[in-house]
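A short write-up of the structure that comes next.
The values are calculated or read from the model by the stated rules, or taken from the named source; none is laboratory data. Given the structure is predicted, the values throughout are model-derived calculations rather than measurements. Every residue, glycine as well, gets a Cβ built from its backbone with ideal geometry; the counts of neighbours run over all protein chains shown.
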Amino acid sequence: MFFSQVVRRPMISRSVNEAIAREEASGLAYVFWSRNAVLLILAIWVSLTLPFERSSLYVSAILAFALVGIVPYAFRHRYTVNTGLVMGFVFLDAAALSFVLIVPTPFDFEGWTQQMNLRTPAFLYIGVFVVSMALSYKPALVIWTGLAAAAFWSMGYLWVATRPNAIPFTSGDVLDEGMGAEMALAKVLDPNAVGLARLSNQVVFLVLISLILTIVVVRSRELVRRQVEAEAQRAILSRYFSPNIVREFAEGRWEPDKPGNRPVAVLFADMVDFTSISERLPPQDLIALLRTFHGRLAKVAFEQDGTIDKFIGDAVMVHFGTPRARPDDPVRALRCATRMAETIRDWNAEREMAGEPPVGVGIGLHYGPAVVGNIGDEHKLEYTVLGDTVNVASRLEKLTRKIGTEVVVSNELVEAVKASSADPVDVVPGLYRAGQFEIRGRREAVDVWTMRSMAAASRKSTIEQPAKQIGGHD
């Protein structure tokens with residue numbers, strides 16, 4: 001597919017990995033703050049519902065949990081040690097939470113046993129602990145949290161069940177045919193009774209909720225991966241195509257997989273006298289000049305929905321009619337050429353005010369059939385156009401020096417503009433026929449057009465200007 005051909009996969013892979021790493025670090029921050037919010041609510045709840053002498057233990061435990069959570073949060077950006085460190089603190093959290101929920105006796109009155117702690121809704125906090133880890137964006141950490149919670153809760157539960165005063169029982173014991181309903185109920189409600197079936201259900205619950213949350217996290221990561229890949233592809237394609245063309249690619253309206261021969265408009269824009277300029281400027285200033293020059297021309301090309309083929313030193317190659325043909329390709333190409341010239345004039349005005357020398361531009365534009373497709377190999381592909389049309393456009397750009405103008409347009413492009421029901425003069429005021437010129441690589445002379453100063457242009461004089469025969473060689 002075109003996306004996979006144009007976009008370099010290693011670049012996308014790096015972007016995806018960096019995005020996932022950012023989400024993981026951000027996820028640990030969410031875990032930290034959500035954890036603290038839950039702990040704060042719990043601290044307020046136990047303070048309001050229990051006397052101080054009985055709630056102080058739980059408030060102290062809550063404060064300890066809050067302090068322990070600071071360490072993995074502080075190391076959330078250190079990806080190399082992050083997972084192991086966080087897993088260690090999850091292990092500690094699971095052990096401490098199980099101890100606090102099982103071992104102390106929350107109610108200080110006669111008759112309450114440690115076995116009765118297992119009948120309270122305290123187990124739900126273990127579930128909240130597991131669910132909160134889904135915010136970490138790490139599947140392995142979610143699984144680890146679920147297993148650690150199940151292991152320590154089971155250890156605490158079985159420890160209570162094996163106390164000397166405990167009466168453990170299973171569902172089979174209660175359903176024993178020899179035991180009447182009254183005896184079975186008495187056994188279940190005994191303060192020292194511990195139902196082992198309850199533990200099995202709780203462990204199964206923790207395992208299932210961990211698996212479900214892991215699937216959710218994996219799916220979320222895959223969605224992030226797809227989004228990052230799409231954004232990376234869009235960013236790279238935006239270097240070649242205008243935003244609306246990139247949008248159509250992203251929406252999957254069409255993908256130019258197969259090469260083809262079609263009519264296109266090809267434009268070459270080149271900096272005049274670049275060799276002498278490069279000799280005068282230090283490397284950093286020369287690169288800055290080229291970036292500004294290319295950037296201004298690229299902006300105009302994208303505004304006219306052109307496709308930037310490549311930057312060749314100080315030149316830029318743009319084509320219209322790719323990746324798909326549109327009826328107004330010639331019109332937009334002609335408008336692009338003139339607006340590029342205007343853009344460089346405006347830039348020169350700014351340079352003059354800054355005391356910098358002006359920069360000239362030569363622009364050649366031709367319309368005709370060309371081969372359109374990807375060239376290269378699997379390591380590097382380039383979407384480009386090939387053929388005589390490209391060569392003629394390049395020669396016309398060189399011809400601007402001979403004629404002494406900024407823009408030279410072939411008669412084929414002007415005729416294509418007319419065929420699209422547009423008046424070339426309305427598109428470019430000041431356009432006139434300059435005559436025929438011989439260019440290298442062509443047996444016959446090429447009929448070309450150029451433009452007068454915008455202030456001197458008039459519709460009548462332009463459209464009726466006769467062809468002028470001028471000889472010359474490129």
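If you filter segment 197-218 down to residues that are farther than 16 Å from Ser98 by Cα and crowded, with 17+ Cβ neighbours inside 10 Å, you find that the one that is modelled with the lowest pLDDT is Val217.
Only one of the numbered conditions (1) under 36 Å from the mean Cα position of the chain (by Cα); (2) surrounded by fewer than 22 Cβ atoms within 10 Å (Cβ to Cβ); (3) of a type outside the set (Asp, Glu) is not met by Pro358, and that is (1). A count restricted to segment 375-398 and to residues that are under 22 Å from Asp329 (Cβ atoms) and either of a type in the set (Val, Ile, Thr) or surrounded by 16 or more Cβ atoms within 10 Å (Cβ to Cβ) (or both) stands at 13.
Within segment 412-447, the residues that satisfy the criterion of being aliphatic (A, V, I, L, M) and out of contact with any Lys or Arg (no Cβ under 9 Å at 6 or more places or on another chain) are Leu413, Ala416, Val417, Ala419, Ala422, Ala445.
Of all residues being at pLDDT 85 or above and under 18 Å from Thr405 (Cα atoms) in segment 260-288, which is surrounded by the fewest Cβ atoms within 10 Å (Cβ to Cβ)? Just the residue, please. If we take residues in segment 260-288 being at pLDDT 85 or above and under 18 Å from Thr405 (Cα atoms), then Val272 is surrounded by the fewest Cβ atoms within 10 Å (Cβ to Cβ). Residues in segment 157-170 that are surrounded by fewer than 20 Cβ atoms within 10 Å (Cβ to Cβ) and under 17 Å from Leu206 (Cβ atoms): Leu158 alone.
If you check Ala151, Ala166, Ala96 for being closer than 18 Å to Asp190 by Cβ, modelled with pLDDT of 80 or more and in the same structural domain as Thr49 (by TED's automatic domain parsing), only one passes: Ala166. Does Glu444 fit the bill of being modelled with pLDDT of 90 or more, over 38 Å from the mean Cα position of the chain (by Cα) and assigned by TED's automatic domain parsing to the domain that holds Leu334? Answer is no for this residue. When Ser421, Ser394, Ser461, Ser453 are checked against the criterion of being within 23 Å of Asp273 (Cβ to Cβ) and modelled with pLDDT under 80, a single residue qualifies: Ser453. Just to be sure, is Asp309 of a type in the set (Asp, Glu), in the same structural domain as Trp347 (by TED's automatic domain parsing) and part of a strand (DSSP E or B)? For Asp309, the condition - of a type in the set (Asp, Glu), in the same structural domain as Trp347 (by TED's automatic domain parsing) and part of a strand (DSSP E or B) - is met. Residues in segment 49-57: is at least one surrounded by fewer than 12 Cβ atoms within 10 Å (Cβ to Cβ) and at pLDDT 75 or above? No, the conditions are met nowhere in segment 49-57.
Note on segment 271-305: among residues that are within 28 Å of the chain's Cα centre (by Cα) and part of a loop (DSSP other than H, G, I, E, B), the one that is nearest to Leu399 (Cα to Cα) is Gln304.
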